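Have a look at the structure below, then the notes.
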Amino acid sequence: MCHDKIDGSAMKILLFVLLLILLPAVLCAQPDYIEVTAPGNRQLRLAIDSPRPLDLPANLETAKLVSDIIAFDMNMSGVVKAEGRSRQSVTGNLSLVDVDFVPWLSDGFDLLVRSEYSLKGERLTVEFRLFDVINRKMLTAKRYLGAAKDMRRFSHSFADEILRVITGEKGAFTTRIAYVSAQTGNKEIYVMDWDGNNPLPLTKNGSINLNPDFSPDGREIIFTSYKRGNPDLYRRSLSNPAEVALSNRKGLNITGIWSPDGSKIALSLSKDGDAEIYTLDKDGSHPTRLTINPALDLYPAWSPNGKQIAFVSDRLGKPQIFVMNVDGSNVRRLTTNGNYNVNPRWSPKGDKIAYSRMTDGGFNIFTVAADGSSDTQLTYDGNNENPSWSADARFICFSSKRNSGNGLYVMRADGSGQTRVTQGKMSYFQPVWSAH
Amino acid sequence: MKKSMVAFLTGISIAALLAGGCANKEAVKKEEAIVPVAAVEQAKPVEQAKPIEQAKPVEEVKPVQEVAVPMATPVAQQPAESVSRFETVYFDFDKSDLRQDARDVLSKNAELILKSMPGAKIQIAGHCDERGSAEYNLALGEHRAKSVQKYLTTLGVKAENLSIISYGKEKPAVNGNDEAAWAKNRRAEFVVVK
């Protein structure tokens with residue numbers, strides 16, 4: 001009796017252990033995406049054929065827009081080498097079904113995007129298809145309905161889908177970046193598409209506005225403003241200009257950041273004497289103090305699971321990055337190289353923390369593993385600050401002053417592909433990337 | 001036999017859990033000795049405190065990369081009188097403790113407050129130079145204003161008449177990116193608010 005019982009539970013443990021060992025292997029062996037690989041180490045080549053208009057006359061601008069957006073997104077990803085090619089005849093029928101792969105194959109392409117669109121007044125319908133040129137088959141298709149102005153968004157969205165098909169992970173090309181610019185003479189908050197298009201002013205108060213952060217649903221931002229004299233934290237929707245003071249406590253109300261689940265806001269308050277890290281409920285109530293230290297503590301950054309917070313503190317003399325549990329316990333130093341490390345931002349995947357380090361030559365962006373290992377410098381040119389991760393952790397956006405042009409730049413998480421995305425000649429500051 | 005079986009399974013479970021990526025290693029803890037900065041301060045040549053008029057951008061060359069930096073404007077819309085009557089206090093890089101020249105200036109400012117405007121409400125605005133991160137400088141500027149506030153109260157100025165604010169590096173007194181400009185921007189200014 002007793003014997004059987006023990007054997008039974010032992011068997012259960014054994015099965016459980018086997019499951020633990022085998023489950024990841026099973027999951028890895030059956031990807032939910034189609035693996036597309038080029039022979040050898042050659043990079044895959046993607047052709048984007050001109051979109052075919054279903055209504056004449058054709059809109060050449062629209063056609064170029066679609067090709068340019070998908071090519072830019074896919075080239076930035078580094079996963080494929082993409083280019084726009086015009087081969088589709090304007091009046092051909094069934095272009096999405098009967099594809100002649102031979103000319104694409106002979107030009108050395110592995111993948112092909114084709115699309116059709118209909119623009120009636122303001123009503124836009126667009127359908128995209130991705131083909132595997134070598135195996136002559138369709139990999140994915142998407143159809144979008146919307147207004148004429150949505151063509152950009154739809155193109156970015158299909159680029160997300162291409163990335164999902166190729167890598168198994170959806171892209172973040174439909175996300176946006178909020179930032180600070182002083183183009184009016186005052187620092188105001190703006191928002192733009194991730195690729196720098198559609199810049200839109202949010203604040204227009206003529207004061208100093210700093211450090212925007214998106215809510216996890218991307219519909220609201222918080223930021224610090226001096227518009228009523230004191231550096232207070234405000235919250236507003238992207239679609240409604242009404243600004244609500246979320247924290248106007250005495251002293252600093254700065255470097256606010258939404259928790260990953262949107263329920264809390266971490267920030268630095270100096271109401272009790274010097275800058276300390278607090279969390280607030282999302283309505284600004286119930287301040288909970290996390291750091292107790294006579295030094296300056298600021299710039300909190302949540303881990304994606306919401307259990308830890310990285311922050312800047314000069315408790316050892318110079319600003320360094322520390323990590324603590326979300327209740328303020330278990331404080332440990334993260335960065336051990338360099339003597340001025342600031343701006344921590346946790347990767348959405350949780351494995352790395354991006355930050356900026358000041359040396360004699362100015363600031364550069366680094367990443368470090370969450371356990372403090374693998375400290376890696378990503379930028380070398382000019383002055384680079386305030387890194388922010390894309391939702392898919394593939395890219396880092398940062399502000400840069402460099403000879404090739406000041407602005408907001410985007411690079412891959414390994415530092416490659418550094419590309420300026422802002423178009424103006426102003427200085428831009430404190431970019432922050434929205435979640436999906 | 002049974003026990004060894006259970007122990008064996010437990011062993012496998014632990015091994016599996018470890019292999020399963022419980023990579024929660026503790027971050028490196030490294031304590032650095034904090035260098036006492038006050039001693040270093042004293043050894044530095046005492047810089048003459050400059051009245052604020054001299055600190056205004058007159059012949060400063062505007063660097064090309066600084067086009068978008070907000071123009072140097074006096075803190076708030078203050079009457080010219082209050083600007084001229086108080087002297088500005090200057091700091092060393094990344095420091096908020098008061099140099100000897102700063103203490104001299106504060107003694108004069110305290111005397112002015114106590115003799116001529118005992119009930120005036122005065123705001124001390126802390127500022128930083130353009131180096132360092134904008135966010136850290138907000139906190140540093142506040143620390144500077146606080147040092148000034150604390151020192152003035154030791155000289156007899158009523159604490160309730162003194163408020164502080166920090167502008168970090170957002171409102172430089174002068175544009176420029178050399179030590180001459182930086183030295184003029186690391187400061188605490190006095191504004192009569194009432």
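FYI, it's all coordinate maths here, none of it is from the lab. Just so you know, these numbers come straight off a predicted model, no measurement behind them. Every residue, glycine as well, gets a Cβ built from its backbone with ideal geometry; the counts of neighbours run over all protein chains shown.
How large is log10 of I(q)/I(0) for chain A at q = 0.08, 0.11, 0.13 Å⁻¹ when the intensity is taken from the Debye formula with one equal scatterer per alpha-carbon?
-0.54, -0.92, -1.15
I need the peptides B:88-95, B:120-127, B:108-115, A:256-263 ranked by packing, meaning the mean over residues of other C-beta atoms within 10 angstrom, with the highest value on top.
Values: B:88-95: 20.6, B:120-127: 22.1, B:108-115: 16.0, A:256-263: 18.4.
Ranked from most to least packed, the peptides come out as B:120-127, B:88-95, A:256-263, B:108-115.
Given the pairs A:Lys264/A:Lys307; A:Lys64/A:Lys149; A:Lys204/A:Lys425, which are separated by over 22 angstrom at their Cα positions?
none
In a Gaussian network model over chain A where Cα atoms closer than 10 Å are linked, find which of A:Met426, A:Met324, A:Met192 has the largest mean-square fluctuation.
Result: A:Met426 has the largest fluctuation of those listed.
Between A:Pro103, A:Ile166, A:Gly146, whose Cα lies farthest towards the positive end of the dipole of segment A:44-167 when Lys and Arg beta carbons carry +1 and Asp and Glu beta carbons carry -1, centred on the Cα centre?
Looking along the dipole axis, the top candidate is A:Gly146.
Could you give the DSSP H helices of chain A that reach 20 angstrom or more along their long axis (alpha carbon positions) and whose average Kyte-Doolittle hydropathy is no lower than 1.6?
Going by DSSP H runs, the hits are A:2-29.
Report, largest value first, the span of the C-alpha coordinates of segment A:247-356 along each principal axis, in whole Å.
So the three principal-axis extents are 37, 32, 22 Å.
Kindly give the semi-axes, whole Å and largest first, of the ellipsoid equivalent to segment A:199-279, taking each as the square root of 5 times a Cα gyration tensor eigenvalue.
20, 17, 9
Please work out the FRET efficiency for the pair A:Ser285 and A:Asn198, using the Cβ-Cβ distance as r and a Förster radius of 35 Å; give the result to the nearest 0.05.
0.50
Calculate, in nm to one decimal, what A:Thr336 and A:Ser237 gain on full extension: separation in residues at 0.36 nm each, minus their alpha carbon distance.
31.7 nm
Between A:Arg420 and A:Asp327, how many nm apart are label points set 7 Å from Cα along the C-beta direction?
It is 5.0 nm.
Normalised by the number of residues in chain A, what is the relative contact order in percent for Cα pairs under 8 Å and 6+ residues apart?
9 percent
What is the spread of the Cα atoms of segment A:156-290 along each of their three principal axes, largest first, in whole Å?
Rounded to whole Å, the extents work out to 53, 36, 23 Å.
What is the log10 of I(q)/I(0) for segment A:176-433, computed with the Debye formula using one identical point scatterer on each Cα and no solvent, at q = 0.07, 0.09 Å⁻¹?
-0.21, -0.35
For Cα pairs less than 8 Å apart in space and 6+ apart in sequence, what is the mean separation divided by the residue count of segment A:176-433, i.e. the relative contact order in percent?
Relative contact order of segment A:176-433: 12 percent.
Within a Cβ distance under 11 Å of A:Ala47, other residues only, what is the Lys/Arg minus Asp/Glu net charge?
Around A:Ala47, the surrounding residues sum to +1.
With a 10 Å Cβ neighbour count serving as the proxy for reagent exposure, in which order, fewest first, do A:Val342, A:Val331 appear?
A:Val331, A:Val342
Mind grabbing the base-10 log of I(q)/I(0) for segment A:296-380 at q = 0.20, 0.26 Å⁻¹? Debye formula, identical points on the C-alpha positions, no solvent, two decimal places.
Result of the Debye calculation: -0.84, -1.39.
Using only the alpha carbon atoms of segment A:44-167, find the Kirkwood hydrodynamic radius as the inverse mean reciprocal pair distance, in angstroms to one decimal.
With all distinct Cα pairs of segment A:44-167 included, I get 14.3 Å.
Fewest first, what order do A:Tyr278, A:Tyr190 take by the number of other Cβ atoms within 10 Å?
By the 10 Å Cβ count, ascending, the order reads A:Tyr190, A:Tyr278.
Would you mind computing, in nm to one decimal, how far apart the modelled labels at A:Thr125 and B:Ala120 are, each placed 7 Å from Cα along Cα→Cβ?
It is 7.5 nm.
Quick one: net charge around A:Ile396, please, counting Lys, Arg +1 and Asp, Glu -1 for every other residue with C-beta under 11 Å from its C-beta.
Local charge sum for A:Ile396: +3.
Given a Förster distance of 30 angstrom, what is the FRET efficiency for B:Ala180 paired with B:Ser107, based on the Cβ-Cβ distance and rounded to 0.05?
Numbers: r = 26 Å, r/R0 = 0.86.
It comes to 0.70.
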